[in-house]
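J.: Got a structure for you, written out below as structure tokens; questions coming shortly.
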Amino acid sequence: MYHLLWLIPALPFAGAFVLIVFGPRMADAAVKIIGPGTIALSAILSILMMGQFLTAPPPDHVYVENLWSWMNVAGFHPHVSLYLDALSMLMTLVVCFVAFLIHWYSTEFMEGDEGYSRFFAYMNLFVASMLILLLGANLLLLFLGWEGVGLCSYLLIGFWYTDPVNGRAARKAFIVTRVGDTAFIIGLFLLFTHLGTLNIQELMRRAVQEWPVGSLLPVAAGFLLLGGAVGKSAQLPLQTWLPDAMAGPTPTSALIHAATMVTAGVYLIARTHVLFTLAPAAMLAVAIVGAATLILAGFSALTQEDIKRILAYSTISQIGYMFLALGVGAWSAAIFHFMSHAFFKALLFLGAGIVINACHHEHSIFRMGGLRKQLPVTFWTFLIAGCALAGLPVITAGFYSKGLIIFDTEASAHGSMTLWVLAVVGVLLTSLYTFRMIFVAFFGDAKTAVGHKPRSAMKIPCIVLAVLSICGGFVETPRFLGDSHFFTGFLHSALPGVVLGTNPAMAELASELWVTLAFVVGLVVAYFLYIRNRSAVEALARPAVSRALHSFWHSDWAMDWLYDCVFVRPVMWFARVDKSDFVDSFYDGVAYLSESFYRGLRTTENGRIRWYAAGIVAGSLIFVAIVLFL
């Protein structure tokens, strides 16, 4: 079975190729089969391979498939090789399965769109690139998939390119993530120059042998890889592209946020965890970035009105939890939250797409209301996903994955009480903005009449994801709720367990109780403000300080303004000053000289045949004379 590993990324690539070449001439019915069908086949292969990995794992729980030699330049000889271990197996399965559900949903969501086949071609290419990123055995192949998802995000965010807003959002995503990618590229050069390979496993082995813990080279490499990760995963300070990326179709948002793109940075750090253990400063930076991001994004989510932008900031915040886990050495906890987040965040975006379509493409939650009665399936599935996002205790997957991260944040040898407090505050913010969104959009009086109602292709994926948003958490439970460690046990062959500190300040039960209290406080405050006494919201927003804070948080803490002042305006000022420099004069002179020659030669084009003949004879005589006498 393992020898079929190459088919998992190859099938989506094949689907993308067929749709790019033949899609515009295909009927929509054929596109519906090819686009989701190739992803379904990859998902089936992933499920079967996971079953074999559990029952008959390969030697050392690793399978490497060398497909061909990529290049051989001055001793640099990378192969196109696929590397399957517990980490890549799990993430491949989640990506394929969630992507298939999103594709299935899209067959109905995108009906009637002029770019129907083009949409599925981009989506297939997106999934294929993510699978190459996950399965690449060396950092160069991983980087190929890394750039592939960046390209596809640009194509999909700007899918409706006739709207200038969408084009700007696509360019912003592409340019901002290129900043992080530049750091990643420099990191690759540094690693190859000093360790002589980009094969991930060999690279980690040589790093342990040649680099002392805390020395300059691993710290520099760790920070450069972190730079790439914060760009792709929309973490501080490169998070500004993700909210604007909501300009793309809703299934695109679901795919970017749940299964591809923004989780790439999490995977990169987890895959190169050995390098980060050699660089404690870089690990601390990962934790700080995660903690700061989850708090800042939480406050921004509280001020948004667009349902998709609320979910975008929630993604930034939840990826922050994953970074926080990675930064304290809780590698498996980060991947656990990746899995549960993939389920409930995909469901939230798919539910948001149904709501937006039903409300005649209205995005503002304050122009919705009363939808729980008119869209009952959407309401209940959206509520389950929201509870998982906020961390409803005992029942939802988000409670188990987020609770594990928060406990490890304090209990880990690399953790601290400060990071733990920030993580708990993040739970309160998440609960508050999640139930604010649910109460405003689904409760109260209807403000927009429901038009289009979803059919089975949009409802069934939501129901499946709702089940997973509940059951997905039971694979890893705390000691007081069964003490199941199936998930971390499965990943143990690929990721080390968390190293606990000598004197943790609290037990796991105490940590979970604080998390539960934060969840309840957020829920109660949201219920009081948006169900019981909505006038209290107006009273809170009336003072000038409140309005200023609202504007500040709504603008993503003025990050775009800051970048505009620090980078954009100085470059534009320099361009205006430099537009008349001497360099242009040189090229203007060359152009003038060429134009002068043209004007001189143009006079010879007079239509007089005898002058043409005389010129030919004279030229011939001069040529003969040069040959004879010189």
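The values are calculated or read from the model by the stated rules, or taken from the named source; none is laboratory data. Just so we're clear, the structure is a prediction, and the values are computed from it rather than from any experiment. Glycine gets a Cβ as well: all are built from the backbone with ideal geometry, and neighbour counts include every protein chain shown.
J.: Here are some residues: Leu371, Leu383, Leu389, Leu294. Which one is in contact with a Ser or Thr (Cβ under 8 Å, 6 or more places away or on another chain) and closer than 20 Å to Val98 by Cβ? Spell out how you get there, then give the answer.
T.: Values: Leu371 fails: closer than 20 Å to Val98 by Cβ; Leu383 fails: in contact with a Ser or Thr (Cβ under 8 Å, 6 or more places away or on another chain); Leu294 fails: closer than 20 Å to Val98 by Cβ.
Going through Leu371, Leu383, Leu389, Leu294 in turn, just one is in contact with a Ser or Thr (Cβ under 8 Å, 6 or more places away or on another chain) and closer than 20 Å to Val98 by Cβ: Leu389.
J.: Follow-up question, since we're still on this one. Look at Ala128 and say whether it is at pLDDT 95 or above, surrounded by fewer than 22 Cβ atoms within 10 Å (Cβ to Cβ) and assigned to a helix (DSSP H, G or I).
T.: Working: at pLDDT 95 or above: yes; surrounded by fewer than 22 Cβ atoms within 10 Å (Cβ to Cβ): no; assigned to a helix (DSSP H, G or I): yes.
No: the conditions fail for Ala128.
J.: Of the conditions (1) of a type in the set (S, T, N, Q); (2) within 17 Å of Gly148 (Cβ to Cβ); (3) more than 15 Å from the chain's Cα centre (by Cα), Thr272 clears all except one; give me its number.
T.: It fails just one condition, (2).
J.: On the basis of being of a type in the set (A, V, I, L, M, F, W, C), closer than 20 Å to Glu108 by Cβ and not in a loop (DSSP other than H, G, I, E, B), does Leu275 make the cut? Reasoning before the result, please.
T.: Working: of a type in the set (A, V, I, L, M, F, W, C): yes; closer than 20 Å to Glu108 by Cβ: no; not in a loop (DSSP other than H, G, I, E, B): yes.
Spelling it out, it is not the case that Leu275 is of a type in the set (A, V, I, L, M, F, W, C), closer than 20 Å to Glu108 by Cβ and not in a loop (DSSP other than H, G, I, E, B).
Quick grid of which residues meet (1) surrounded by fewer than 23 Cβ atoms within 10 Å (Cβ to Cβ); (2) of a type in the set (Ser, Thr, Tyr); (3) closer than 28 Å to Val208 by Cβ; (4) out of contact with any His (no Cβ under 9 Å at 6 or more places or on another chain):
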| residue | (1), (2), (3), (4) |
| --- | --- |
| Ala281 | yes, no, yes, yes |
| Ala287 | no, no, yes, no |
| Ala292 | yes, no, no, yes |
| Gln304 | no, no, no, no |
| Leu311 | no, no, no, no |
| Gln318 | no, no, no, no |
| Leu324 | no, no, yes, yes |
| Gly329 | no, no, yes, no |
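J.: For the range 370-386, name all the residues that are without any contact (Cβ under 8 Å) to a residue 12 or more places away in the chain and crowded, with 18+ Cβ neighbours inside 10 Å.
T.: Residues satisfying the conditions do not exist here.
J.: Still on this structure, I have one more. Of the numbered conditions (1) crowded, with 19+ Cβ neighbours inside 10 Å; (2) farther than 25 Å from Ala494 by Cα; (3) not polar (S, T, N, Q), Ile175 satisfies every one except a single condition; which is it?
T.: Every condition holds for Ile175 apart from (1).
J.: From the list Ala518, Ala526, Ala510, exactly one residue is in contact with a Lys or Arg (Cβ under 7 Å, 6 or more places away or on another chain) and either assigned to a helix (DSSP H, G or I) or modelled with pLDDT of 90 or more (or both). Which is it?
T.: That would be Ala526, the only listed residue that is in contact with a Lys or Arg (Cβ under 7 Å, 6 or more places away or on another chain) and either assigned to a helix (DSSP H, G or I) or modelled with pLDDT of 90 or more (or both).
J.: If you don't mind, there's one more thing I want to ask. Determine, yes or no, whether Leu226 is among the hydrophobic types (A, V, I, L, M, F, W, C), at pLDDT 95 or above and under 17 Å from the mean Cα position of the chain (by Cα). Let's see the steps before the verdict.
T.: Values: among the hydrophobic types (A, V, I, L, M, F, W, C): yes; at pLDDT 95 or above: yes; under 17 Å from the mean Cα position of the chain (by Cα): yes.
Judged against the criteria, Leu226 is a match.
J.: A follow-up question, please. Given Phe120, Phe143, Phe97, which one is out of contact with any Pro (no Cβ under 7 Å at 6 or more places or on another chain), crowded, with 22+ Cβ neighbours inside 10 Å and without any contact (Cβ under 8 Å) to a residue 60 or more places away in the chain?
T.: Values: Phe120 fails: without any contact (Cβ under 8 Å) to a residue 60 or more places away in the chain; Phe143 fails: crowded, with 22+ Cβ neighbours inside 10 Å.
Answer to the check: Phe97.
J.: Looking for whichever is in contact with a Gly (Cβ under 6 Å, 6 or more places away or on another chain), surrounded by fewer than 23 Cβ atoms within 10 Å (Cβ to Cβ) and closer than 21 Å to Asp181 by Cα here; the options are Leu224, Leu236. Which one fits? Break it down into steps so the answer makes sense when it comes.
T.: Values: Leu236 fails: in contact with a Gly (Cβ under 6 Å, 6 or more places away or on another chain).
Exactly one residue qualifies, and that residue is Leu224.
J.: Would the range 393-403 turn up any residue that is part of a helix (DSSP H, G or I) and surrounded by fewer than 24 Cβ atoms within 10 Å (Cβ to Cβ)? Spell out the reasoning first.
T.: Taking the range 393-403 as the starting set, the residues that turn out to be part of a helix (DSSP H, G or I) are 397-403.
Keeping just the survivors that are surrounded by fewer than 24 Cβ atoms within 10 Å (Cβ to Cβ) gives none.
Checked against the condition, which is being part of a helix (DSSP H, G or I) and surrounded by fewer than 24 Cβ atoms within 10 Å (Cβ to Cβ), the range 393-403 yields no hits at all.
For (1) touching a residue at least 24 places away in the same chain (Cβ under 8 Å); (2) within 30 Å of Ala173 (Cα to Cα); (3) out of contact with any strand residue (DSSP E or B) (no Cβ under 6 Å at 6 or more places or on another chain), each residue gets a yes or a no:
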{"residue": "Ile531", "(1), (2), (3)": "yes, no, yes"}
{"residue": "Ala536", "(1), (2), (3)": "no, no, yes"}
{"residue": "Ala558", "(1), (2), (3)": "no, yes, yes"}
{"residue": "Arg569", "(1), (2), (3)": "no, yes, yes"}
{"residue": "Phe574", "(1), (2), (3)": "no, yes, yes"}
{"residue": "Asp584", "(1), (2), (3)": "no, no, yes"}
{"residue": "Glu595", "(1), (2), (3)": "no, no, yes"}
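J.: Would you confirm whether any residue within the range 208-217 is more than 22 Å from Ala385 (Cα to Cα) and among the charged types (D, E, K, R)? Steps first, answer last, please.
T.: Narrowing the range 208-217 to residues more than 22 Å from Ala385 (Cα to Cα): 208-217.
When the remaining residues are screened for being among the charged types (D, E, K, R), the result is 210.
Checking the range 208-217: at least one residue is more than 22 Å from Ala385 (Cα to Cα) and among the charged types (D, E, K, R).
J.: For the range 455-501, give me the residue count where each residue is assigned to a helix (DSSP H, G or I) and of a type in the set (D, E, K, R). Give the derivation first.
T.: Step one: filter the range 455-501 for residues assigned to a helix (DSSP H, G or I), giving 456-475, 479-481, 486-491.
From what's left, of a type in the set (D, E, K, R): 459, 479.
Summing the residues that are assigned to a helix (DSSP H, G or I) and of a type in the set (D, E, K, R) in the range 455-501 gives 2.
J.: Follow-up question, since we're still on this one. Can you name the helices (runs of 4 or more DSSP H) wholly within the range 191-252 that have at least 2 residues being among the acidic types (Asp, Glu) and closer than 30 Å to Leu84 by Cα? Steps first, please.
T.: On the way: elements: 200-210, 216-232, 241-244.
Result: 200-210.
J.: Take the range 46-75 and flag every residue that is of a type in the set (Val, Ile, Thr) and part of a helix (DSSP H, G or I). Don't jump to the end; show me each part of the working.
T.: Initially, the range 46-75 is screened for residues of a type in the set (Val, Ile, Thr), giving 47, 55, 62, 64, 73.
Hits for the range 46-75 are Ile47, Thr55.
J.: Quick check on my filter: what residues within the range 27-45 are under 20 Å from Tyr105 (Cα atoms) and either without any contact (Cβ under 8 Å) to a residue 60 or more places away in the chain or not in a helix (DSSP H, G or I) (or both)?
T.: Keep residues of the range 27-45 that are under 20 Å from Tyr105 (Cα atoms), which gives 27-44.
Once the filter is applied, which keeps residues that are under 20 Å from Tyr105 (Cα atoms) and either without any contact (Cβ under 8 Å) to a residue 60 or more places away in the chain or not in a helix (DSSP H, G or I) (or both), the range 27-45 yields Ala27, Ala29, Ala30, Ile33, Gly37, Leu41, Ala43, Ile44.
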